[in-house]
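To keep things clear, I will list the structure first and then write my remarks on it.
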Amino acid sequence: MMMMIMIMIIIIKEQYINRHDRVCAQLHFNKCKEKLVQLDKKQCYEHVPESVETSPGGKVTILWNQQIQTDRTIPNNKPDIIIRNNEKGTCMLIDITISGDRNVTKKEAENILKYKDFTVEIQRMCNVKTRVISLVIGETRTISKSFRKYVSNIPGNHEVKELQKTATLGIEHILRKVLMLKYNRFNTETNDISTMNSYNRIATTLYSLGT
């Protein structure tokens, strides 16, 4: 039983990261296309972001999942995407979260507050106008009233429905992985209904903890 729990934890953790990264990669892909950055793949679902991308002429720099060193020690210094427009003197810190439906608005506010000190430090060090873009998508495509406004502020052709779809497909993939593992274990090792019910409770609990 304990081995089953550990396997489920590992699988669910990996799948949550993959789901999050696919939504981030979609935004990253759209932004790179908008700035005419040379990409290896033509479709967003094939896109694997580079740590640093630069537009022709060096006007825009796009950082992917990079921890930024600052003069002061600031724990929250690694947004999902950083877009710096060197020509306009602006910097955008993008944080993406996939959350339980009831926590969408709360998570959005938490993410903005989380990067408050980092925003101030970036403005001071780099002399650029900096803002946080907090994008939170619920498990059933729930979004806040501010979501569309935030998305519209990110340069590039971003479809809200496509971002929601990517997040939802990720959730379905997680559930499919857990159910396949659970039922394969049940079919090969036991016909005990009580054990099967225990696996059901474990999967449900782990899934809820992940969101």
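The values are calculated or read from the model by the stated rules, or taken from the named source; none is laboratory data. Just so it is clear, the structure is predicted and the values come from calculations on it, not from any experiment. Positions of Cβ are generated from backbone atoms using ideal geometry, with glycine treated the same way; all protein chains shown enter the neighbour counts.
The table for this structure:
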| item | result |
| --- | --- |
| The range 1-46 - residue that is of a type in the set (A, V, I, L, M), surrounded by fewer than 17 Cβ atoms within 10 Å (Cβ to Cβ) and not in a helix (DSSP H, G or I) and, of those, modelled with the highest pLDDT | L36 |
| Members of the range 50-60 found to be more than 24 Å from E162 (Cα to Cα) and either surrounded by 18 or more Cβ atoms within 10 Å (Cβ to Cβ) or hydroxyl-bearing (S, T, Y) (or both), listed by number | T54, S55, V60 |
| Long-range neighbours under 7 Å by Cβ, at least six apart or interchain, first residue in contact (Cβ under 8 Å) with a residue 12 or more places away in the chain within the range 134-163, second surrounded by fewer than 14 Cβ atoms within 10 Å (Cβ to Cβ) | G138/D101; E139/D101; T140/D101; T142/D101; V160/R148 |
| Members of the range 105-122 found to be surrounded by 15 or more Cβ atoms within 10 Å (Cβ to Cβ) and over 19 Å from I62 (Cα atoms), listed by number | T105, K107, E108, E110, N111, I112, K114, D117 |
| Test: I154 is closer than 25 Å to K33 by Cβ and either surrounded by 14 or more Cβ atoms within 10 Å (Cβ to Cβ) or within 16 Å of the chain's Cα centre (by Cα) (or both) | yes |
| Listing of helices (runs of 4 or more DSSP H) fully contained in the range 123-211 that carry 2 or more residues being closer than 28 Å to N77 by Cβ and either touching a strand residue (DSSP E or B) at 6+ places or on another chain (Cβ under 7 Å) or at pLDDT 85 or above (or both) | 147-152, 160-189 |
| Total residues in the range 76-129, condition of a type in the set (D, E) and either touching a His at 6+ places or on another chain (Cβ under 6 Å) or within 19 Å of N153 (Cα to Cα) (or both) | 4 |
| Residue check, L63 buried (at least 17 other Cβ atoms within 10 Å of the Cβ), modelled with pLDDT of 95 or more, touching a helix residue (DSSP H, G or I) at 6+ places or on another chain (Cβ under 7 Å) and not hydroxyl-bearing (S, T, Y) | no |
| Pair list, Cβ under 6 Å, 6 or more apart: the range 83-111 residue outside any loop (DSSP other than H, G, I, E, B), other residue acidic (D, E) | I94/D80; D95/D80; I96/D80; D101/E139; N111/D95 |
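Matching residues to (1) touching a Phe, Trp or Tyr at 6+ places or on another chain (Cβ under 9 Å); (2) surrounded by fewer than 19 Cβ atoms within 10 Å (Cβ to Cβ); (3) modelled with pLDDT under 95:
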position: V48; (1), (2), (3): no, yes, yes
position: I81; (1), (2), (3): yes, no, no
position: T90; (1), (2), (3): no, yes, no
position: N103; (1), (2), (3): no, yes, yes
